[in-house]
Amino acid sequence: MSKDKKLEFFTEDNRTLEIITKSPQETKAIAKVFARLLVPSDIICLDGDLGAGKTFFTSNIAKELDISKVVPSPTFTILIEHRDGKIPLFHFDAYRLENEDEFYDLGFGEYLYDNGICVVEWASRIKNVFPNTVIQIHMLRDNFEDSDTRKLIFSFPKSDNRFYDFEKGVNDLNDHPSK
Ligand code: ADP
Ligand code: MG
């Protein structure tokens, strides 16, 4: 069982926001608010428990980018590219990668600088490939009795003022839950 542990990397100078969600719908609404802040070349690092919602969260980012196809899990292919939306989305799953060398050997390094949005599940497995400007999201499931409750911990670099827009957007959801 995973503890309520801290984010895995780049933690010192970050601003964090913890959110409890009680349903997939609530997580979807948060993903929408988050996705609206994204711009080309952003890198989003996802970690946390199996089944916590990393792929689900990414699929809702994709919807907000007007990507029309379903977003399957890239666990077996490591990367799935979605180029039919407003911004290209490069969806990685590092679960099956041994280490950073393997990531580079497979030619994935260039995607980090290719003007798309990279979302990387199990990013902490290859943490040394990332610049310190990434936004990290830690998703926890195992410490809750209720099967639909999750804790999402968002961690933005201190230099990234989108943190405040995100915080405001999430607060607005709480004030107007039907929006
Ligand atoms: P991961 O990629 O982290 O292994 P998935 O996204 O594949 O996990 O699966 C998460 C599952 O949990 C989905 O089936 C989703 O519907 C379900 N779920 C239940 N409650 C929540 C919640 N509050 N937030 C996100 N997903 C939830
Ligand atoms: Mg997944």
> Expressed in nm to one decimal, what extension gain is obtained for the pair residue 142 and residue 104 from 0.36 nm per residue of sequence separation less their Cα-Cα distance?
Replying inline: 10.5 nm
> Roughly how many percent of the accessible protein surface of the chain is carbon and sulfur, given a 1.4 Å probe and a whole-percent answer?
Replying inline: 47
> Can you list the HN-Hα couplings for segment 124-134, worked out from phi with the Karplus curve (6.51, -1.76, 1.60; θ = phi - 60°), rounded to whole Hz and with x for Gly and Pro?
Replying inline: 5, 5, 10, 4, 6, 7, 9, x, 7, 9, 5
>> What whole-number distance in Å separates the alpha-carbon centres of segment 76-117 and segment 1-62?
In response: 18
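As a check on your grasp of the helix formula, calculate [θ] at 222 nm for the chain: sum -39500 (n - 2.57) over DSSP H runs of n ≥ 4, divide by the residue count, round to the nearest 500.
Computed ellipticity for the chain at 222 nm equals -7000 deg cm²/dmol.
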>> Could you compute how fast the chain diffuses translationally, taking Rh as the Kirkwood radius over C-alpha pairs and applying Stokes-Einstein at 4 °C with viscosity 1.567 mPa s? Give it in µm² per second.
In response: 79
>> So, for segment 51-179, what is the accessible surface per residue at a probe of 1.4 Å, expressed in square angstrom?
In response: 50
> Order of 119-126, 7-14 by packing, highest average Cβ count within 10 Å first?
Replying inline: 119-126, 7-14
> Dipole of the chain (Lys/Arg Cβ +1, Asp/Glu Cβ -1, origin at the Cα centre): which of 41, 144, 9 lies farthest to the positive side?
Replying inline: 144
>> Using 0.36 nm times the number of residues separating residue 114 and residue 81, minus their current alpha carbon distance, what extension gain do you get?
In response: 10.7 nm
> Summing Lys, Arg as +1 and Asp, Glu as -1, what charge do residues with Cβ under 14 Å from the Cβ of residue 162 carry, residue 162 excluded?
Replying inline: 0
> So what's the net charge close to residue 58: Lys and Arg +1, Asp and Glu -1, counting the other residues with Cβ under 12 Å from its Cβ?
Replying inline: 0
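The values are calculated or read from the model by the stated rules, or taken from the named source; none is laboratory data. Small disclaimer: the values here were computed from a predicted structure and weren't measured. Note: ideal-geometry Cβ built from the backbone for every residue, glycine included; neighbour counts use all protein chains shown. Note: areas computed on protein heavy atoms with side chains; ligands, DNA, RNA excluded. Shrake-Rupley method; radii C 1.70, N 1.55, O 1.52, S 1.80 Å.
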